[in-house]
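Laboratory data are not the source of any read-out in this text; all were calculated from the coordinates shown. Predicted, not measured: the structure shown is a model, and the values here were computed from it. Please note: Cβ atoms are built from the backbone with ideal geometry, for glycine as well, and neighbour counts cover all protein chains shown.
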Amino acid sequence: MSNIFDEIQKGDDSFGKSIFKDKKPLDHRFLPDKLVHREEQIRQIAKYWIDALNGVTPSNVTLYGKTGTGKTAASKFAREQLIDAARNKRVQVKVEYIRCTDYTTEYQVIAQLCQQLGRDVPNRGWTKGEIVNTFRDIFKTNVYGSKLILIVILDEIDILLDKDGDGILYTLTRTDNVSVLSISNYLDFKNLIKSRVTSSLNDKEIVFPPYGADQLSDILFERAQLAFNDDVLDSDVIPLCSAMAAKEEGDARYALDLLKNAGELAFDDDSDKVTSAHVRMAKDRIEHNKVTEIIQTLPLQQQRLLEAILNLSKQGEEITSGKLYDEYEMVSKKDAVTYRRIFDFINELELLGIISTNTISRGRGKGRTNIIKLQCDENLLETTLFTI
Ligand SMILES: Nc1ncnc2c1ncn2[C@@H]1O[C@H](COP(=O)(O)OP(=O)(O)OP(=O)(O)O)[C@@H](O)[C@H]1O
Ligand SMILES: [Mg+2]
C-alpha cells in the first residue's frame, strides 16, 4: 500500500513537486560547518582562547552585535573547534554554554554549571555561599586529575543586567581557571554593570557588524543547497530575501526565516518552484505572526494604550503624549494607570517595534513634545486587539 507521507515527501503525485530536501538547515538552531563572513571574528575568539590549550586561563571576551549577526553561531562554532583541539592535551578544557534567558539568577547559573560539570547540586535551597563554594571546589580538588580550565559562554547576558547579572559576572571572573565569553546586543552594555565588576571583567571586545545584502546572499546560498531540491528556487529568490533582510539591520535569522517561509508557502501552493511572490507573501506572514504574537501577550493596560494609539491614528491625528493620555483614559475608564506609568509603556512598545517616538522641539520657550507613530498595520492591529 502506498503511504501518504512518502507521496508527499517525494512529491510524485498530485501534491506537487517536493520543494525541500531537508528542512533542518533552515532552522535557527542549525549550526553549519562553515560560517561565511565570520572567519575574522572566529579567528579573534580563537586567538584569545588558545591560551587554554597551554594551561593558561584565557582573557574574558565580549561579543557585541545586533540581532542575527551570528554571535551565538560563531561562539558555538569556536567552542566545537576548541574542544576538538583540546583532545589529547594534558590540560582539560571545558566550554559550557548558558543561555541567560533560561537561567536568570546567579544561583541558577552557578547550579547549572555545577551540574554540567558533573556535580550533584539542587536547583534551589542552598545558600549562595554554598553553591559558589561547591563550584569553586571543582577547580581546587582537581577531579579531572589534570588542570581544568573552564570557559563559560553567557549568551543573551543583557537579560541579567537588571537582575543580578553583576553578581554572576563577579563570581565567575573571581574564580581561578574560569574565563567568560559574554554575548550582548548593546555596545554600551558595560555602562550597566558596576565598576568593580567591569574591572575584574577586563574583557577583550569583538564586534559583529550587520551583514550586507551580498553577505546574506552567500549565507542563504550555502543553506539553500542543503535545504532545497535542485532548481526549485527562482533565481531572484535569494537576492530578494537578502535585500529585505539587509533592510532589517542585516539580520541573518530574518533572511533564513524568509527563505524557509517562502519554501513552505510554495509547498502549500503545490507549486514546483519558489518564486519572488512567495518571498513577498512570506514577509507578510512573518510580520503578521510577529505582531499578533506580541500584541496577544501584552498586559491589558498596554493593550488599552495601543487601542488609544490606534483610535488617534485612524483619525489622522498627530499623537502627542498628552492627547494619548486623554484617549487612553477614555478607553480604559476607571482602571487607568498614571500618566507617568504611560511613559514606561510607551518605551516598552517602542522596544517591541510596534510604535516609534520622535521628540520635536516646538520652538524657543515652548519645550519639547513627544510624537508617537504606529509602526504596524492599522487593520492588523485592530483585528488582533479585538479578537483576543
Ligand atoms: N555567517 C553565517 N553563516 C551561516 N549562517 C549564519 C551566519 N551568521 C548567522 N547565521 C545563522 O543565522 C541565524 C542567526 O544567527 P545567530 O543566532 O548566531 O545570531 P545572534 O547574533 O546570536 O543574534 P541574537 O543577538 O538575536 O541572539 C542562525 O541560524 C545562524 O546559524
Ligand atoms: Mg544569539
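For the reader, a short list of remarks on this structure follows.
- Extension gain (nm, one decimal) between R368 and R124, 0.36 nm per residue minus Cα-Cα: 82.9 nm
- Cα-Cα over 28 Å, subset of K273/K314; K66/K89; K71/K247; K23/K66; K204/K260; K76/K260: K273/K314; K66/K89; K204/K260
- Alpha-carbon Rg/Rh ratio, for the range 244-388, with Rh computed the Kirkwood way: 1.08
- Highest mean packing first, where packing is the average number of other Cβ atoms within 10 Å per residue, the peptides 63-74, 297-308 line up as 63-74, 297-308.
- Each 5 Å bin, from zero up to the one with the longest distance, holds this percent of the alpha carbon pairs of the range 39-208: 1, 9, 19, 22, 22, 16, 9, 3, 0.
- Computed over the range 57-141, the alpha-carbon pair-distance distribution with 5 angstrom bins reads 3, 12, 18, 20, 20, 15, 10, 3, 0, each value a whole percent.
- Amide N of the range 288-305 lying under 17 Å from the label point, which is placed 7 angstrom from the Cα of M330 along Cα→Cβ: 304-305
- Projected onto planes of every orientation and averaged, the convex hull of the alpha-carbon atoms in the range 131-275 covers 13.0 nm².
- Entry note, the range 298-387: relative contact order of 31 percent, from Cα contacts under 8 Å with a spacing of 6+ residues.
- Ordered from longest to shortest, the equivalent ellipsoid semi-axes for the range 212-295 are 19, 17, 10 Å, each the square root of 5 times a Cα gyration tensor eigenvalue.
- For D203, distant residues with modelled amide H under 5 Å away: none
- In this structure the amide hydrogen of I355, modeled in the peptide plane, comes within under 5 Å of the amide hydrogens of E350, Q375, none closer than 5 places in sequence on its chain.
- Working note: Karplus 6.51/-1.76/1.60 with θ = phi - 60° gives the range 232-248 the couplings 8, 8, 4, 5, 8, 5, 5, x, 5, 4, 5, 5, 5, 6, 5, 5, 7 Hz, where Gly and Pro are set to x.
- Approximate spin-label separation I50-S200, in nm, with each point projected 7 Å along Cα-to-Cβ: 3.0 nm
- log10 of Debye I(q)/I(0), alpha-carbon scatterers only, for the range 212-255 at 0.16, 0.29 Å⁻¹: -0.36, -1.00
- Taking packing as the residue-averaged number of other Cβ atoms within 10 angstrom, the listed peptides 343-355, 178-190 run from highest to lowest as 178-190, 343-355.
- Kirkwood Rh, angstrom, the chain [1 / mean 1/r, Cα pairs]: 24.4 Å
- For the range 109-114, 3J(HN,Hα) per residue [Karplus equation, 6.51 cos²θ - 1.76 cosθ + 1.60, θ = phi - 60°, Hz, x = Gly/Pro]: 5, 5, 4, 4, 5, 4
- Charge tally for Y254 (other residues, Cβ to Cβ under 13 Å; Lys, Arg +1; Asp, Glu -1): +2.
- Of the beta bridges in the chain, as assigned by DSSP with both residues counted there, near 30 percent are antiparallel.
- For the range 321-331, Karplus couplings with θ = phi - 60° (6.51, -1.76, 1.60), whole Hz, Gly/Pro x: 5, x, 4, 4, 5, 4, 5, 4, 4, 5, 5
- Sorting the segments 111-123, 147-159 by their residues' average number of neighbouring beta-carbon atoms within 10 angstrom, most packed first, yields 147-159, 111-123.
- Counting only DSSP H runs of at least 4 residues, each contributing -39500 (n - 2.57), and dividing by the residue count of the chain, the helix-based mean residue ellipticity at 222 nm comes to -16000 deg cm²/dmol.
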